[in-house]
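Visitor: Let me give you the structure first, and then I'll get to my questions.
The values are calculated or read from the model by the stated rules, or taken from the named source; none is laboratory data. Quick caveat, the model's predicted, so the values are computed rather than measured. Cβ placement follows ideal geometry from the backbone for every residue including glycine, while neighbour counts extend to all protein chains displayed.
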Amino acid sequence: MIGFLLKGILNDKSRSVLPVIVVSIGAALTVLLNCWLKGVMGESLVMNANFNTGHVKVMTHAYAQESEQMPNDLAILGIDSLVTQLKSEYPDMDWVKRIRFGGLIDFPDEKGETRAQGPIVGWAIDLLSSSTEETRRFNIRESLVSGVPPAKPGDALISHELAEKFKVNPGHKFTLFGTTMDGGMAFRNFTVSGTVRFGSFVLDRGAIVIDISDAQHALAMEDAAGEVLGFFHDGKYDDKQATSVVATFGVKHSDKADEFAPVMIKLKDQGGMAEYIDYSETMGGIMIFVFVLAMSIVLWNAGLLGGLRRYKEFGIRLALGEDKKHVYTTLIYEGILIGAIGSISGTAIGLGISYYLQVVGLDISSSMKNSSLMMPSVVRAAITPAAFYIGFIPGLFSMVLGNALSGVGIYKRNTAQLFKELEV
Amino acid sequence: MLSMQLAFRNLIGAGLRTWLNVTVLSFAFVVIVFYNGMLDGWNMQAINDTRDWEIGKGQLWHASYDRYDPFTIQDSHGGISGHIRSMVAAGRVTPILITQASAYPAGRMLNVVIKGIDPDQRILELPTQSLAQTTNELPAIIGKRMASRAHLKKGDQVLIRWRDKNGTFDAREITIVSIFDSNVPTIDNGQFWIPLAKMQQMTGMTNEATLLVSREPLNNEAVEPWIYKDEKYLLKEFGEIMQQKKGSNKIIYGLLLSIALLGIFDSQVLSIFRRQKEIGTYIALGMTRSQVLKVFTVEGSAHSILALGLGALYGIPVLAYLHQRGIPMPKSADDAGIAISESIIPLYSFGMVLSTILLVVISSTIVSYLPARKISRMNPTDALKGKIQ
Amino acid sequence: MKTLMIIGFVFLGVALRAQDPKKILDKVDQNMSSENRMFESTMTIHGKRNSRSISSRSWSEGSQKSFTEYLSPASEKGTKMLKLEKQLWIYSPTTDRTIQISGHMLRQSVMGSDLSYEDMMEDRKLTDVYAAKLVGEEKIGDRNTWVLELTAVVEDIAYYKQKVWIDTEKYVPLRQELFAKSGQILKRMELQEVKMIESRWFPTLVIYKDMLKEGKGTEFRMTNIKFNVKIPDYIFTKAALKQ
């Protein structure tokens, strides 16, 4: 019977096209809203994770104590073996070295003497290896105001504001003057490859981003790094998983007596993130509930309308001697088919748009040109597992419910009346 | 008028179908009002708190002061004289002197900023009177964020080291006499507030200030050599953060509204399909096509009127309750550097509600009109026969 | 007993009066200051995790000009520092850049030590910037010392007060404490291994300790000290940094 009905739906455009379109649009909107909401709610979380906390973060005990001050003298030594170990122990996570540092950025005049200088906060991340995810995490391509992303050692990005203040452009050289891990003077020349605006207060005032190996050379941290950040491969923070990773890591590596033993902290335990996560989950949940409810009502209505549209047909079918129950059952089955087709195509469309919005994002920065806040100027959607099924709630269930309710009419009225009402 | 009556009668007559559409549209209406109310409330609260705790109604800055560049602090101080002095005496402005320092809680070193403020000032809500009421040699008040970061509590002493105007080191134990709880992080993080006179004496900057906070806007007053920064300038970022929030929320309620409109659209398509004979009859009776089109458009947009009514029915109590109770916010939300209280009192302005109403009515009129355009192309005879597919 | 104490006080009083603190300081300056000098030094910095030593060669002329070239470790080799009056430049061979250090940066610690750039730059004669008062006598190790309290007579000075323990025979400081205006101790220096160099006594090992910070302090050991040698003028130019 399904095959027969499917044939009917496919051939009889008048009874299928509009409902399928409506269900598709509805499911697509639901999926889109779900992803958008997750994206927006998680935006500052994602930004925090990407720039600061990772999903989990490994530091030495001593470094963790005063991590705000970027105490690289307390950095993790033997970092490469630690990262290798982490990679083999937790292969489903991406482990990256990071160094944060303070220093002085110094632009030379033609004689190589100081023309201008200023304090900076630096981020050293893996910019250059072919498989690096870090450029995406730092949203570098989208944040570029001028120039290109670093492509070779010695390239650096500087915040656009800094570039304007010091009147420099891509191609200009500068010297980073800082402190090596053991307290010595650190010097290294860099070339500005591009200027960036991250849309964040902290970064845009005076930040530079350089490759991790450049920083390791410059700061005499050859086999050291301040922090190792771990990210789940799907880019989403999963507290349960993070908790178990932290626990197993703790068993293997923790040494309370050693100040320089590594310690792992999950995102939720860093700087007040816990409340934020709980809050945004609750708020997001409420919003999605309202939305799915609204969509369900609309599609329920669509189901009703779809049934009503076909009273004429039911009248004829009943007149031809078809059993009421059979008419009703076919109506429900059709509802299921239309709901399923609509939900599938709608979910696909919704996911497509969401994916686009996740990758490209929506730039709302035009109205906030000189923004100085730790706020992203590009808002992105986030595709979660729920996005794959949430469209079916209104799409399938509501459609069928609507059809079922409208079909009740078949039982209520007798054949003659139906027939007459529709005046065939 | 007739078309209105007709429209409502037809709608109510459609029963469940109408009410489903109306319910959804009313959701959209209430959610939009709620969201905007929340953001406006937040904005208002943040602005008020910042004004009360930090910026007053404007500030007078020393020429070289830049609030975002800590390296300007060293040279940003100047004498208070002439007119400004009389303004201080009249309580119209209150001076604040700022210097960088190091604090040594438990052998660690923290870079901090010390701010001198008149304990008797009445312009900012900082509990400066506790600086006056103490017999402590060098009392300080700090915010809750600073207290937790430096692990300090009331009564604790902490050594601070600073330099006077000549660069000579000085160091003293400072006593925390009070810890204040403010929503404004920018007067809290990394800061000690001490009595202005002490500060001037400690730094040798007699009768000097870095900036002055004003009680009233000082738009046309000569304040040279100080530079007047009005409220608008000082609050520039609030506009930006709200713009950003509103931007992304527009998408959310835009989607919700489009769902509701989708329902109306679907209903309209069906009614025009089902009621061909009625349309034909209207035309046969002498109504012009555009008049009929109007009837159907009005009927569709009447959804929005019902939705407004329904929305008001449950929305007003809910929103009023939220206004009374406030909307709880997470504590770490102020990481962005903007003031946020533990709960936000949403603010529903007349203009905002009105523009939401217009948005809902106009958008539903448009989606009602779109399918009804078909009517203008209808052949009345075919319509009467019900033969249009 | 009482008589004994009175005699003791009288004796002490005579001894104190016999010494004019200004004259003591003058004699100290004679030992410590010179028209120009050069020396090699090794600075040992005790970090939280490890200690490291940095060696350098320095030339200075009067109190306004000095030039230092770092010799080891390899990472610092070739780094040069030039100070002319209130200005400081650092040259790094790896980047071939001369960077001027100014303002707030001067207050940073040099190479993680307990000395700031500013500390290094402050080398005015004690008698020029402080008024001295003899406050007592103490023994440091087996050496007798006068304890002088120095109070700043100029305004632009980092440490308002100092307490200096001066060897009563050799006229060199053996200990120096630097105080904030409030009297809070900020830094302490122990000067040891006093040697006779070119007819003057000179402490060749100084241990600096920042009293507000945890840590073991910084050792500064001088070797190869030569006073009043002819230093070519070009040494104190920016051009010399690049050579």
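Visitor: Which residues, counting only those in the range A:129-153, are buried (at least 16 other Cβ atoms within 10 Å of the Cβ) and either within 14 Å of another protein chain (Cβ to nearest Cβ) or under 23 Å from the mean Cα position of the chain (by Cα) (or both)?
Guide: Passing the criteria: A:Thr132, A:Glu133, A:Glu134, A:Thr135, A:Arg137, A:Phe138, A:Asn139, A:Ile140, A:Glu142, A:Ser143, A:Leu144, A:Pro149.
Visitor: Let me ask something else about it. With closer than 15 Å to C:Phe236 by Cα and either at pLDDT below 90 or of a type in the set (Gly, Ala, Ser) (or both) as the only criterion, which of C:Ser53, C:Ser102, C:Ser60 stands out? First the steps, then the outcome.
Guide: Numbers: C:Ser53 fails: closer than 15 Å to C:Phe236 by Cα; C:Ser102 fails: closer than 15 Å to C:Phe236 by Cα.
Criteria check complete, one pass: C:Ser60.
Visitor: Which one of these is away from chain A (no Cβ under 14 Å), of a type in the set (Gly, Ala, Ser) and within 30 Å of A:Leu304 (Cβ to Cβ): B:Gly254, B:Gly280, B:Gly309? Steps first, answer last, please.
Guide: Working: B:Gly254 fails: away from chain A (no Cβ under 14 Å); B:Gly280 fails: away from chain A (no Cβ under 14 Å).
So the residue among B:Gly254, B:Gly280, B:Gly309 that is away from chain A (no Cβ under 14 Å), of a type in the set (Gly, Ala, Ser) and within 30 Å of A:Leu304 (Cβ to Cβ) is B:Gly309.
Visitor: Next up: Could you run through the range C:192-230 and say how many residues are acidic (Asp, Glu) and farther than 20 Å from C:Arg57 by Cβ?
Guide: The qualifying residues number 2.
Visitor: Return yes or no: is B:Leu218 more than 13 Å from every other protein chain (Cβ to nearest Cβ) and either among the charged types (D, E, K, R) or in contact with a helix residue (DSSP H, G or I) (Cβ under 9 Å, 6 or more places away or on another chain) (or both)?
Guide: Against the criterion (more than 13 Å from every other protein chain (Cβ to nearest Cβ) and either among the charged types (D, E, K, R) or in contact with a helix residue (DSSP H, G or I) (Cβ under 9 Å, 6 or more places away or on another chain) (or both)), B:Leu218 qualifies.
Visitor: Could you figure out which of (1) within 14 Å of another protein chain (Cβ to nearest Cβ); (2) surrounded by fewer than 22 Cβ atoms within 10 Å (Cβ to Cβ) isn't true of B:Asp181?
Guide: With respect to (1) within 14 Å of another protein chain (Cβ to nearest Cβ); (2) surrounded by fewer than 22 Cβ atoms within 10 Å (Cβ to Cβ), B:Asp181 is out only on (1).
Visitor: Moving to a separate point now. From the set of residues in the range C:25-71 that are among the basic types (Lys, Arg) and part of a strand (DSSP E or B), which is nearest to C:Lys230 (Cα to Cα)?
Guide: Here the residue is C:Arg37.
Visitor: Scan the strands (runs of 3 or more DSSP E) fully inside the range C:72-118 and keep the ones with 3 or more residues being facing chain A (nearest Cβ under 7 Å).
Guide: C:97-101
Visitor: In addition: Can you list the strands (runs of 3 or more DSSP E) lying wholly within the range A:77-180 that have 3 or more residues being basic (Lys, Arg)?
Guide: So the answer is A:93-108.
Visitor: Hey, among A:Phe231, A:Phe174, A:Phe249, A:Phe166, which residue is buried (at least 18 other Cβ atoms within 10 Å of the Cβ), aromatic (Phe, Trp, Tyr) and touching a Leu at 6+ places or on another chain (Cβ under 9 Å)? Give the derivation first.
Guide: Numbers: A:Phe231 fails: touching a Leu at 6+ places or on another chain (Cβ under 9 Å); A:Phe174 fails: touching a Leu at 6+ places or on another chain (Cβ under 9 Å); A:Phe166 fails: touching a Leu at 6+ places or on another chain (Cβ under 9 Å).
The unique qualifying residue is A:Phe249.
Visitor: Just the residues that are part of a strand (DSSP E or B) and touching a Phe, Trp or Tyr at 6+ places or on another chain (Cβ under 6 Å), please, taken from the range C:196-223. Talk me through it step by step, then tell me what you get.
Guide: We begin by selecting, within the range C:196-223, every residue part of a strand (DSSP E or B); these are C:196-197, C:200-210, C:218-223.
Across the range C:196-223, the qualifying residues are C:Val206, C:Thr218, C:Met222.
Visitor: Would you point out which residue out of B:Phe27, B:Phe71, B:Phe8 is in contact (Cβ under 8 Å) with a residue 12 or more places away in the chain, at the interface with chain A (Cβ under 10 Å from one of its Cβ atoms) and of a type outside the set (Asp, Glu)?
Guide: That would be B:Phe27, the only listed residue that is in contact (Cβ under 8 Å) with a residue 12 or more places away in the chain, at the interface with chain A (Cβ under 10 Å from one of its Cβ atoms) and of a type outside the set (Asp, Glu).
Visitor: Related question: Of all residues in the range C:210-236 being within 19 Å of C:Met120 (Cα to Cα) and free of Cβ contacts under 8 Å to residues at least 60 places away in the same chain, which is nearest to the other protein chains (Cβ to nearest Cβ)?
Guide: For the range C:210-236, the residue satisfying everything is C:Leu212.
Visitor: While we're on this one: Would you pick out the residues in the range A:362-394 that are in a helix (DSSP H, G or I), within 12 Å of another protein chain (Cβ to nearest Cβ) and modelled with pLDDT of 70 or more? Lay out the reasoning, then the answer.
Guide: We begin by selecting, within the range A:362-394, every residue in a helix (DSSP H, G or I); these are A:365-368, A:386-389, A:392-394.
Checking which are within 12 Å of another protein chain (Cβ to nearest Cβ) leaves us with A:365-368, A:394.
Of everything in the range A:362-394, just one residue is in a helix (DSSP H, G or I), within 12 Å of another protein chain (Cβ to nearest Cβ) and modelled with pLDDT of 70 or more, namely A:Pro394.
Visitor: On to the next question. Go through the range C:156-169 residue by residue and tally those that are surrounded by 19 or more Cβ atoms within 10 Å (Cβ to Cβ) and more than 8 Å from chain B (Cβ to nearest Cβ).
Guide: 6
Visitor: Which residues, counting only those in the range A:43-62, are assigned to a helix (DSSP H, G or I) and either away from chain C (no Cβ under 14 Å) or aromatic (Phe, Trp, Tyr) (or both)? If you could, list the steps in order and put the result at the bottom.
Guide: The initial filter retains those residues of the range A:43-62 that are assigned to a helix (DSSP H, G or I), namely A:43-53, A:61-62.
Residues satisfying the conditions are A:Glu43, A:Ser44, A:Leu45, A:Val46, A:Met47, A:Asn48, A:Ala49, A:Asn50, A:Phe51, A:Asn52, A:Thr53.
Visitor: May I ask you to list the residues in the range A:187-228 that are within 16 Å of A:Leu104 (Cβ to Cβ), more than 14 Å from chain C (Cβ to nearest Cβ) and more than 27 Å from the chain's Cα centre (by Cα)?
Guide: Once the filter is applied, which keeps residues that are within 16 Å of A:Leu104 (Cβ to Cβ), more than 14 Å from chain C (Cβ to nearest Cβ) and more than 27 Å from the chain's Cα centre (by Cα), the range A:187-228 yields A:Val192, A:Ala215.
Visitor: Could you tell me whether A:Gly122 is touching a Ser or Thr at 6+ places or on another chain (Cβ under 7 Å) and closer than 23 Å to A:Gly184 by Cα?
Guide: Against the criterion (touching a Ser or Thr at 6+ places or on another chain (Cβ under 7 Å) and closer than 23 Å to A:Gly184 by Cα), A:Gly122 does not qualify.
Visitor: Can you tell me how many residues in the range B:99-156 are part of a helix (DSSP H, G or I) and surrounded by fewer than 22 Cβ atoms within 10 Å (Cβ to Cβ)?
Guide: Residues in the range B:99-156 being part of a helix (DSSP H, G or I) and surrounded by fewer than 22 Cβ atoms within 10 Å (Cβ to Cβ): 11 in total.
Visitor: Among the listed residues B:Asn43, B:Asn21, identify the single one that is surrounded by fewer than 23 Cβ atoms within 10 Å (Cβ to Cβ), assigned by TED's automatic domain parsing to the domain that holds B:Ile264 and on the phi < 0 side of the Ramachandran plot.
Guide: B:Asn43
Visitor: Here are some conditions: (1) surrounded by fewer than 19 Cβ atoms within 10 Å (Cβ to Cβ); (2) at pLDDT 85 or above; (3) within 21 Å of A:Leu293 (Cα to Cα). B:Ser64 meets all but one. Which one does it not meet?
Guide: (3)
Visitor: Identify all residues within the range B:115-136 that are of a type in the set (Val, Ile, Thr) and out of contact with any strand residue (DSSP E or B) (no Cβ under 7 Å at 6 or more places or on another chain); write none if there are none. Steps first, answer last, please.
Guide: In the first step, residues of the range B:115-136 are kept if they are of a type in the set (Val, Ile, Thr); the result is B:117, B:123, B:128, B:134-135.
B:Thr135 - this is the single residue of the range B:115-136 that is of a type in the set (Val, Ile, Thr) and out of contact with any strand residue (DSSP E or B) (no Cβ under 7 Å at 6 or more places or on another chain).
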